[in-house]
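Here the structure comes first, spelled out in structure tokens, and everything after it is commentary.
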Amino acid sequence: MEDQKNQKAQKNQKTQKTKTRVSKTLNLVRNFGLKAIPIMMVRNSLFEESELTLNFLVLIISSCLIATFGLVLNSAAVIIGAMIIAPLMLPLRGLSFATLEGDWELLRRSFVSIAVGTLLGISCSWLVGTVIGFPEFGAQVLARTKPNLIDLLVAIVAGGISGFSKIRPSLEDAVPGTAIAVALMPPLCVVGLTLSQGEWTLSQGAFLLYITNLIGINLACMIVYIFSGYAQSTELSRSLNWGVSLVLIAVLVVPLGLTFWDVLEQGRVEEPVQELINSSLFNKEGVREVSDWNIDRTKNPPEIEIAMRSIELITPEQVKEFEDAVEIKLGKPFKVKVDVTPFIPVESPKLKAN
């Protein structure tokens, strides 16, 4: 009985020591200067930034139009210009702070600004896509329709820097850089553009990227505010906040993880297939030329589709030979389909010598 009491006392001592160490660590971080400005000053600044003003609406519309035109032109430089404006980042930081503090007034103000900005961004880009038409999507659009875990990690890191720069005024210049890294407006514009052309699947992917960025930034800002000593709400409130945030992250991890795995698998397969195409009889200068190829991994077995031009006939035996080479190279069977376009080279007549 006495041994049990001693063990319990030792366990309590260890728990108390652990709590003391954690408390000292947090105090060390705070004393290091993370909490640089008073809490009410931070709150008032975020309250002002989160207000739905004419300036905010003008920045949203201009940022959206620049990003949309950049996507239509497939120009990364123009899209980066839209990212620098970054109006949505401001109320998003206010949302994180309000969530921690249980500040309903700031929460309502920041949420309304984000919601209006989101709807306005989608509407403007949808209108542009409807008016000018956008039948073919370039690489800048397609790159924002398949988010993965790396996008979530980028959002978390960028959100942390954005939150840190808010409590360290000397680093406020870092906001445009983090806005470029996490890119809130371009995915919204992709949603509008793809909706205008009826591409629902692409719209869903782009909206998932946007939500991923929102949640990642929100979580990272909350972490920075907590370590900075700005979390003044009750233990129950903080537990609920963390619970909701972690559930949302867990919900995102599944589709993002699957997309990330698909990207890795696609990269693992594409290089060997390209090598086989380059070295196979499908490529013969002046006789056969592969113009395009892609892999459809949704089918069972996966299917390699090759588009080529050829003077000579391609036989089923040659296709089977290529299938066997792919299976040996990758260790699993693939179905190969070749779309052959016959062509005949035509030259101008030779001039007769005088």
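Largest first, the three principal axis extents of the alpha carbons in the range 58-133 are 44, 23, 16 Å in whole numbers.
Legend: translational diffusion of the range 36-171 by Stokes-Einstein, Rh = Kirkwood radius over C-alpha pairs, 20 °C, 1.002 mPa s; D = 131 µm²/s. Between L313 and W200, the FRET efficiency from the beta-carbon distance, with R0 = 51 Å, is close to 0.80. For the range 122-169, count all C-alpha to C-alpha pairs, find those more than 12 Å apart, and express that count as a whole percent of the total. Percentage above 12 Å: 75.
Ratio of the range 299-339's C-alpha Rg to 2.2 N^0.38 Å, to two decimals?
Numbers: Rg = 10.7 Å, N = 41, 2.2 N^0.38 = 9.0 Å.
Output field value: 1.19.
How do the peptides 210-222, 183-195 rank, highest first, by the average count of neighbouring beta carbon atoms within 10 Å per residue?
On the way: 210-222: 23.7, 183-195: 26.8.
The most tightly packed comes first, giving 183-195, 210-222.
Read the figures in this text as sums done on the coordinates, not as results from a lab. Treat the numbers as computed from the prediction; the structure is a model and nothing was measured. Quick reminder, even Gly has a Cβ in these numbers, built from the backbone with ideal geometry, and neighbours come from all protein chains shown.
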